[in-house]
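Here is the structure we will look at.
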Amino acid sequence: MEKVKRKKSSKIKIKTPDLSDALITQLMVIDRSVLSGMTREFKFHPTRKWRFDLAWVDHRLAVECDGGQRSNSTGGKHNSEDDYEKINAANILGWKVLRYQGGIIIKNPHKIYEDILEVLNG
C-alpha cells in the first residue's frame, strides 16, 4: 500500500491593522478638516531614515502610533532604544511629538483629536 503524502496545512496570516490608518479613519469621522496639511510616513531627519507615522510639517507636529504592525513579543519597535533616540532627535529639531498606544487610538480617538487641535491652534 502506497503512503499518501499530505500537504502541510498553510496557516492563514491575518494582517494586523495599521494603527495610523485606524487613527486617520477615526479623525475623518470626527472632523476631516484636522487632516488638512497632514503627511504620512514623513522623513523628518536629515541623515537618519526615521519617519513619523503622521506629521503636520508646517506646525512641526508629529503623531506616533505605538503598536499594530510594528509590535513584536518583546514590546515592539516603538519601545526600542532607537525609538527613544528618534524622539529625542525630533525634539532637538523642534518637533512636538504626540505618542499613543493602540488602545487609546481605538477606544478614545476624541482625546487624540483634541490634543492635535491644541497643538495646531496653540
Residues in segment 37-64 that a label on LYS96 would reach, taking backbone N under 13 Å of a point 7 Å out along Cα→Cβ: 56-63
Per residue, in Å², the accessible surface of segment 29-69 once ligands and nucleic acids are set aside, probe 1.4 Å: 54
Contour minus Cα-Cα distance for LEU35 and LYS111 (0.36 nm per residue): 25.8 nm
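The values are calculated or read from the model by the stated rules, or taken from the named source; none is laboratory data. Bear in mind that the values here come from a model prediction, so they are computed numbers and not experimental data. Don't worry about glycine lacking a Cβ; one is built from the backbone with ideal geometry, like all the others, and counts go over all protein chains shown. Just so you know, the surface numbers come from the protein's heavy atoms only, side chains and all, with ligands and any DNA or RNA stripped out. Shrake-Rupley method; radii C 1.70, N 1.55, O 1.52, S 1.80 Å.
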